[in-house]
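The values are calculated or read from the model by the stated rules, or taken from the named source; none is laboratory data. What you are looking at is a predicted structure, and each value in this text was computed from that prediction instead of being measured. Please note: Cβ atoms are built from the backbone with ideal geometry, for glycine as well, and neighbour counts cover all protein chains shown. Surface areas here come from the heavy atoms of the whole protein model, side chains and all, with no ligands, DNA or RNA. Shrake-Rupley method; radii C 1.70, N 1.55, O 1.52, S 1.80 Å.
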Amino acid sequence: MFSLQKKVVFITGASSGIGRATAKAFAEQGAKLLLCARRMDRLTELTQELVAQRADLEVLPVSLDVRDSEAVRETLATLPEGWKQIEVLVNNAGLSRGLTKVYEDDPGNWDEMIDTNVRALLQVTRAVVPGMLARGSGHVISLGSTAGHQTYAGGAVYCATKAAEKVIMEGLRIDLIGTPVRATSVDPGIVETEFSETRFRGDKERAAKVYADLKPLQAEDVAEAIVWAATRPVHVNIQTILMTTIDQANSTVFNRKPA
Ligand code: NDP
Ligand code: 8X3
């Protein structure tokens with residue numbers, strides 16, 4: 001098992017859902033947590049919660065919009081001493097906007113999804129991987145989705161961003177061959193987080209229906225898979241983890257049973 005004790009783990013989008021649960025799971029491994037998101041109040045609250053549970057834990061919360069490539073470069077270039085040696089990067093920040101036919105959609109939704117889920121993932125990876133190569137150790141773990149494996153109605157652009165993530169991670173593994181840096185895609189089906197509330201712009205009732213009448217994955221289930229991949233011996237590269245609730249067969253087939 002690869003120990004993450006005192007190793008720097010950088011999680012993008014740690015203010016909610018999978019990123020938040022992943023921060024907690026890496027804290028249990030004794031890692032140093034570099035956490036970013038736009039909602040700094042949430043990160044501060046999480047930091048306080050984590051440190052209250054484990055006084056020796058080191059956490060550095062950073063306000064960062066990952067779509068701002070200049071801010072990404074600046075933040076990573078000016079990290080305090082002791083935080084520059086990123087061992088694990090979790091490219092988690094991501095979102096969907098709407099569930100709409102392409103020819104009826106607001107192109108602003110596409111920009112937001114493509115900028116966050118694809119361009120930002122590339123920018124953060126570009127900023128972090130050279131340091132991993134120079135140090136001779138590192139692991140990039142990105143959040144894909146069942147949506148990247150199979151398209152569903154109204155999800156063309158979100159699914160395209162997750163298909164892009166899958167292909168980028170395949171390409172990154174090719175780029176990294178012969179180096180000690182690992183690259184993993186963790187691809188869950190529906191996970192009960194704020195994801196659907198964001199997709200439906202705060203419509204809680206519509207969001208709740210996504211997770212109704214079945215047992216969805218929880219953020220902690222995904223966090224456990226991420227930490228498992230990160231803690232394999234260094235010669236083991238978990239390429240892809242495709243995971244769903246037992247009540248989901250693929251992007252479109254669900255077992256919903258009203259109570
Ligand atoms: P949440 O909405 O709960 O969390 C999304 C996180 O991304 C938040 O912390 C948010 O922080 C952050 N984020 C979004 N945009 C930015 C940005 N521009 N800069 C920095 N951080 C940003 O959703 P999930 O936890 O479910 O989603 C996490 C990842 O998992 C996403 O990539 C998603 O596509 C993927 N995924 C989700 C599934 C699901 O069903 N929930 C299934 C498969 C994959 P803030 O708003 O504070 O900036
Ligand atoms: C998130 C899961 O099915 O809502 O990637 O697209 S889904």
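Summary table
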item: Potential extension, Glu205-Ala77 segment - 0.36 nm per residue separation minus Cα distance; result: 41.9 nm
item: Listed residues Lys162, Lys7 arranged by accessible area, highest first, probe 1.4 Å; result: Lys7, Lys162
item: Net +/- balance of residues flanking Ser137 in space, Cβ distance below 11 Å, scoring K and R +1, D and E -1; result: +2
item: Heavy-atom SASA rank of Lys32, Lys209 (probe 1.4 Å, accessible area, largest first); result: Lys209, Lys32
item: Linear extension gain, Leu95 paired with Asp111, 0.36 nm per residue minus alpha-carbon span; result: 4.6 nm
item: log10 of Debye I(q)/I(0), alpha-carbon scatterers only, for the range 8-243 at 0.10, 0.13 Å⁻¹; result: -0.44, -0.75
item: Where Arg173, Arg54 fall by accessible area, highest first, once all protein chains stay in place (1.4 Å); result: Arg54, Arg173
item: Cα-projected label distance for Val102 with Lys257, points at 7 Å along beta-carbon direction, nm; result: 3.8
item: Karplus-derived 3J(HN,Hα), 6.51/-1.76/1.60, for each residue of the range 144-158, Hz, glycine and proline x; result: x, 5, 4, 4, x, 9, 8, 7, 10, 4, x, x, 3, 6, 4
item: Theoretical gain in end-to-end length, Arg135 to Asp175 [0.36 nm per residue, Cα-Cα removed]; result: 12.7 nm
item: For the range 1-64: Kirkwood Rh in Å [reciprocal of mean 1/r, alpha carbons]; result: 11.3
item: Alpha-carbon spread of the range 200-254, three principal axes, descending order, Å; result: 45, 24, 16
item: Accessible-area value, His149, 1.4 Å probe, nucleic acids and ligands omitted, Å²; result: 80
item: Value at 222 nm in deg cm²/dmol, rounded to 500, when DSSP H runs of n ≥ 4 in the chain each add -39,500 (n - 2.57); result: -12000 deg cm²/dmol
item: The chain - accessible surface per residue (Å², probe 1.4 Å); result: 47
item: Rounded to the nearest 20 debye, dipole of the range 8-243 from Cβ charges on Lys, Arg, Asp, Glu; result: 400
item: GNM top mover of Leu34, Leu76, Leu64 - the chain, alpha-carbon springs below 10 Å; result: Leu76
item: Helix 17-28 axis, angle to the chain major axis (alpha carbon atoms, nearest 10°); result: 30
item: Residue (of His149, Asn109, Ala183) at the positive-pole extreme of the chain, dipole from beta-carbon charges; result: Ala183
item: Kirkwood-Stokes translational diffusion coefficient of the range 109-192, alpha-carbon pairs, 10 °C, 1.306 mPa s, µm²/s; result: 118
item: Most fluctuating residue given options Asp105, Asp115, Asp65, as computed from a GNM of the chain linking Cα atoms under 10 Å; result: Asp105
item: Local electrostatic count at Trp228 - Lys and Arg +1, Asp and Glu -1, tallied over other residues with Cβ under 15 Å; result: -2
item: Estimated inter-spin distance, Glu28 and Asn237, nm [label 7 Å along Cα→Cβ]; result: 2.8
item: Accessible area of Ile114 in the full protein assembly, 1.4 Å probe (Å², nearest 10); result: 60
item: Acute angle (nearest 10 degrees) that the helix 120-135 long axis makes with the longest principal axis of the chain, alpha-carbon atoms; result: 30
item: Space enclosed by the convex hull of the alpha-carbon atoms of the range 168-259, per residue, Å³; result: 117
item: For the chain, built as a Gaussian network whose Cα springs stay under 10 Å, the top-fluctuating residue of Thr245, Thr161, Thr179; result: Thr179
item: C-alpha center-to-center spacing [the range 96-166, the range 1-31] in angstrom; result: 21
item: 0 to 90° range, to nearest 10: angle between helix 219-230 axis and the chain longest Cα axis; result: 40
